[in-house]
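Quick notes on the structure that follows.
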Amino acid sequence: MSKRASPDYDAVIVGAGFSGIYLLHKLRNAGFNVLLVDAAAEPGGIWYWNCYPGARVDSQVPIYEYSIPEVWRSWTWSERFPGWKELRAYFQHVCNTLKLWPMMRMGARVTGANYEQEAQQWHLQLNGEETVTTRFLLPAIGFASKPHIPDFPGIEDFEGEWFHTARWPQQGVDLSGRKIALIGTGASGVQVAQEAAKSASKLTLFQRTPILALPMQQQKLTKEGQERDKQDYAAIFEARKQTRGGFESQSLDVSALEVDEKERKAHFEYLWQKGGLRFWYHNFSDLLINREANRYAYDFWRDKVRARISDPNLVELLAPSEPPHPFGTKRPSLEQCYYEIFAQDNVDLVDLKATPITRIKPHAIETAGGEVECDLIVYATGFDAGRGGMVDMNITGTNDLSVSQAWEDGLRAYLGMAIADFPNMLFAYGPLSPSGFSNGPTSAEIQGDWICDFLVWMRDNDSHQFEASATAEAGWTEMVAQAGAMTLFPEANSWYMGANIPGRKRQLINFPSVSGYVALCEDVANDGYRGFIID
Ligand code: N01
């Protein structure tokens, strides 16, 4: 006789970012008894934790928002690439409009989760104390919930202030007059640098690899303009699902090698002037698979950027003659005045390839080339992407297996949503799904719809437990690896390859096509959720 229990909830969602909030909306509307928990004080996910100066999104309006009509019809943005404060306000608007608050518990961190096989339910520990039970566990914590700080010797000896960009104090930090050391020149580092350069007495950037940043071409938006544009929103939201990156358009059908130099440069220039990430996702078809095509794009980028660097000593460091990695195999960030700040007297650049950091001292960073005095260190050093946040929740599935053990030899997952030995758990925006390659809300909605349909199907079929089969999981994991091997991504030491964390297995951690992913997930659903063992 079954010992199946009646848990407190049908589903518990972890994370109040784009994925978690969308799932909550869908599951509540489908009649499930659902709870959303998040450690943060407010919804917003990444936009809660990354409240550093200058943090703003790199997908333009209206790509980066929900397609839910009652939400977009009643919302107006002020800028084409909104900043974190406006994005946080948007999340309040979403939760108010959809009336989600009664099902949300902010300030509740999952500190443990154990699956009870016989009862077919999860026991979740919140804030190390209270336990709640649920049939389905749905982590939706994004790829960047676990900050990475390199273990430089002496880190704790520093007597000034130090913060990771993703743990920036909610009350803010006054940067004016400070001697700031900024380690890391990824998207976060670029955004902090542009702001810090305005008022720091000294800003020193510690660069290991130059970022290949693209012009944002920011614009102010008006209510009237947006009301006009809203006529096209439904079509734009639909188009997002049919592109490789979840944006409104994708790469051309034409190879960069098929056109002559004039035509090639004209398209590059068009993308440059349009701004945003278009130079990455709306470029020639072979940008990310052919070295020669990629090199054309890099050379165009390099020459554009070099024209903006006034200090001849910095030209080779910021925009090298030879590409540090194929263009676009590390995510390009968007910049507004990044290359101009280096002309300011208060901004310096340290080349960590030539002079690596040897120690953090009480009032300075010591490198092989000398000491740089500072009273604030900003670690813009990235994330344990995809893996770290899941591991930190201390989730244990069947056979006493933890997520950390399951992923010891590399990430594995079926459909980028389920792991064998972890029944009744589906994660959104996780590894081996398009997440890091996708415009956020697009993937959040695709996976949210799919997960909701699956749980409705389970309910309709009076099924109470699913689990990804080991064979299906291995097949998906191998397929993502093979897709990666056809691209240039493996040539960069990026977080896309898990190569930013010492000791991690080198593997492409995201599925490289949103539209391809949609087709595969639909096929699995239409085939009775093939690959899942269902009870
Ligand atoms: O992190 P990153 P991020 N010693 O991993 C350096 C999204 N995002 O927070 O390149 C010295 O990209 C590292 O150097 P290297 C976006 O998807 C979006 O900036 O490894 N340096 C690199 O320069 C993005 O891709 C926005 O040689 C060390 C930096 O730290 C993702 O989040 C804004 C080091 C880390 O760059 C992550 O971006 C912000 C060491 N030991 C983030 N270890 C938007 O615009 C690392 N570094 C929406």
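What follows draws every value from the coordinates through simple rules; no lab data is involved. Just so you know, these numbers come straight off a predicted model, no measurement behind them. Cβ placement follows ideal geometry from the backbone for every residue including glycine, while neighbour counts extend to all protein chains displayed.
Below are the figures for this structure:
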{"quantity": "Amide H partners (placed H, <5 Å) of residue 33, local residues excluded", "calculated": "10, 11"}
{"quantity": "Given 12 as the ceiling on other Cβ atoms within 10 Å, longest exposed-site-free region of the chain for trypsin sites (Lys or Arg not before Pro) in DSSP loops", "calculated": "100-352"}
{"quantity": "Listed residue pairs exceeding 32 Å between alpha carbons, taken from 85/265; 99/146; 85/505", "calculated": "85/265; 85/505"}
{"quantity": "Under the Karplus curve 6.51 cos²θ - 1.76 cosθ + 1.60, θ = phi - 60°, whole-Hz ³J(HN,Hα) for segment 33-44, x wherever Gly or Pro sits", "calculated": "8, 10, 10, 10, 10, 8, 5, 6, 7, 9, x, x"}
{"quantity": "For segment 482-528, alpha-carbon Rg and Dmax in angstrom", "calculated": "13.6, 41"}
{"quantity": "Over the chain, relative contact order from alpha-carbon pairs under 8 Å, at least 6 apart, %", "calculated": "20"}
{"quantity": "Segment 1-132 - Debye-derived log10 I(q)/I(0), Cα point model, q = 0.13 Å⁻¹", "calculated": "-0.61"}
{"quantity": "Kirkwood Rh and Cα Rg combined as Rg over Rh, evaluated for the chain", "calculated": "0.96"}
{"quantity": "Kirkwood Rh, Cα atoms: Rg over Rh of segment 225-364", "calculated": "1.06"}
{"quantity": "Loop GluC sites (Glu not before Pro), segment 82-171 (other Cβ atoms within 10 Å of the site Cβ: 16 or fewer; DSSP)", "calculated": "118, 129, 159"}
{"quantity": "Protection-proxy order for peptides 143-152, 368-377, 38-47, each taking the mean of Cβ atoms within 10 Å per residue, highest first", "calculated": "38-47, 143-152, 368-377"}
{"quantity": "Ranking of 443, 255, 333, 438 by count of other Cβ atoms within 10 Å, fewest first", "calculated": "255, 333, 438, 443"}
{"quantity": "Distance (nanometres) between label positions extended 7 Å along Cα→Cβ at residue 261 and residue 456", "calculated": "5.7"}
{"quantity": "Calculated on alpha-carbon atoms, Rg and Dmax of segment 73-156 in Å", "calculated": "18.5, 52"}
{"quantity": "Nonlocal amide H pairs with residue 359, under 5 Å, H built at 1.01 Å", "calculated": "366"}
{"quantity": "From phi via Karplus (6.51, -1.76, 1.60), per-residue ³J(HN,Hα) for segment 106-116 in Hz, x at Gly/Pro", "calculated": "7, x, 10, 9, 6, 10, x, 8, 10, 8, 9"}
{"quantity": "Gain upon complete extension [residue 269, residue 483; 0.36 nm per residue less C-alpha separation]", "calculated": "74.1 nm"}
{"quantity": "Interchain or long-range residues, amide H under 5 Å from residue 109's placed H", "calculated": "127"}
{"quantity": "Global geometry of segment 30-84, whether rounded, prolate or oblate, following the gyration tensor of its Cα atoms and the 1.5 cut on a/c", "calculated": "oblate"}
{"quantity": "Gyration tensor verdict on segment 304-343 (Cα atoms; rounded if a/c is under 1.5, prolate if a/b is larger than b/c, oblate otherwise)", "calculated": "oblate"}
{"quantity": "Three-way shape label, segment 396-441, alpha-carbon gyration tensor, a/c 1.5", "calculated": "prolate"}
{"quantity": "Along each principal axis, Cα extent of segment 110-234, largest first, Å", "calculated": "61, 57, 30"}
{"quantity": "Vicinal HN-Hα couplings computed from phi for segment 248-259 (Karplus, 6.51 cos²θ - 1.76 cosθ + 1.60; Hz; Gly/Pro x)", "calculated": "7, 9, 9, 5, 5, 7, 9, 6, 5, 8, 7, 10"}
